[in-house]
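S.K.: There's a structure below that I have some questions on.
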Amino acid sequence: MRYTKEEKDASRDFTITTIAGDPLSGLQAAVAPTVYALVFNARAHSLSDSRDEDQLLPSIILEYDWNDSVMTYLSWSQGSKSGGYDAPLKQPDHAAGNGLRRGPGYRPAA
């Protein structure tokens with residue numbers, strides 16, 4: 001048996017700024033968010049989430065020695081891969097209002 005525990009945190013802030021990274025002002029501040037929404041389907045947003053995963057993974061190994069020179073074994077184990085976070089710009093309101101979509105390995109807590 002193998003026990004794994006993993007904790008993950010994810011966050012992202014997406015803001016529309018000038019090329020220099022400065023806040024938009026004037027006409028840019030009024031027009032840029034609309035252009036990004038229409039052209040790229042992306043809106044300014046902040047995302048944040050965290051989660052814990054606990055898993056108990058079984059393993060069985062059988063071994064038989066036929067003689068001093070020949071041995072046979074059979075091994076079976078179950079593994080897992082923890083999921084990640086995917087926060088696409090085009091879907092800021094996905095997954096229960098926090099905007100974060102869990103990866104394929106995600107299993108909700110019981």
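S.K.: What is the one condition in (1) surrounded by 13 or more Cβ atoms within 10 Å (Cβ to Cβ); (2) at pLDDT below 90 that Pro88 does not satisfy?
M.R.: Looking at each condition in turn, Pro88 falls short on (1).
S.K.: Go through region 37-62 and give me each residue that's over 24 Å from the mean Cα position of the chain (by Cα) and not aliphatic (A, V, I, L, M).
M.R.: Correct list: Pro58, Ser59.
S.K.: Where the second residue is polar (S, T, N, Q) and assigned to a strand (DSSP E or B) and the first is within 15 Å of Ser48 (Cα to Cα) and touching a residue at least 60 places away in the same chain (Cβ under 8 Å) and lies in region 4-24, which pairs have Cβ atoms under 7 Å and are six or more apart or on separate chains?
M.R.: If the second residue must be polar (S, T, N, Q) and assigned to a strand (DSSP E or B), the pairs left are Lys8/Ser50.
S.K.: Then there is this: Considering only region 32-52, how many residues are surrounded by 14 or more Cβ atoms within 10 Å (Cβ to Cβ), assigned to a loop (DSSP other than H, G, I, E, B) and not hydrophobic (A, V, I, L, M, F, W, C)?
M.R.: 1
S.K.: Moving on to the next point. Report yes if Lys5 is of a type in the set (Lys, Arg), surrounded by fewer than 12 Cβ atoms within 10 Å (Cβ to Cβ) and either part of a loop (DSSP other than H, G, I, E, B) or out of contact with any strand residue (DSSP E or B) (no Cβ under 8 Å at 6 or more places or on another chain) (or both), otherwise no.
M.R.: For Lys5, the condition - of a type in the set (Lys, Arg), surrounded by fewer than 12 Cβ atoms within 10 Å (Cβ to Cβ) and either part of a loop (DSSP other than H, G, I, E, B) or out of contact with any strand residue (DSSP E or B) (no Cβ under 8 Å at 6 or more places or on another chain) (or both) - is not met.
S.K.: Restricting attention to region 22-54, and to residues there that are modelled with pLDDT of 90 or more and in contact with a strand residue (DSSP E or B) (Cβ under 8 Å, 6 or more places away or on another chain), which single residue is nearest to Gly84 (Cα to Cα)?
M.R.: Pro23
S.K.: Among the residues of region 75-85, is there at least one that is among the basic types (Lys, Arg), out of contact with any strand residue (DSSP E or B) (no Cβ under 8 Å at 6 or more places or on another chain) and loosely packed, with under 12 Cβ neighbours inside 10 Å?
M.R.: Scanning region 75-85 turns up at least one residue that is among the basic types (Lys, Arg), out of contact with any strand residue (DSSP E or B) (no Cβ under 8 Å at 6 or more places or on another chain) and loosely packed, with under 12 Cβ neighbours inside 10 Å.
S.K.: Look at Asp65 and say whether it is more than 25 Å from the chain's Cα centre (by Cα), surrounded by 10 or more Cβ atoms within 10 Å (Cβ to Cβ), of a type in the set (Asp, Glu) and under 30 Å from Gln78 (Cα atoms).
M.R.: Details: more than 25 Å from the chain's Cα centre (by Cα): yes; surrounded by 10 or more Cβ atoms within 10 Å (Cβ to Cβ): yes; of a type in the set (Asp, Glu): yes; under 30 Å from Gln78 (Cα atoms): yes.
The answer is yes for Asp65.
S.K.: Next question. Need the failing condition index for Ala29 against (1) among the small types (Gly, Ala, Ser); (2) closer than 30 Å to Met1 by Cβ; (3) surrounded by 11 or more Cβ atoms within 10 Å (Cβ to Cβ); (4) over 21 Å from the mean Cα position of the chain (by Cα), just the number.
M.R.: (2)
The values are calculated or read from the model by the stated rules, or taken from the named source; none is laboratory data. Everything numeric in this text was worked out from a predicted model, so none of it was measured. Cβ: placed from backbone, ideal geometry, glycine included. Neighbour counts: every protein chain shown.
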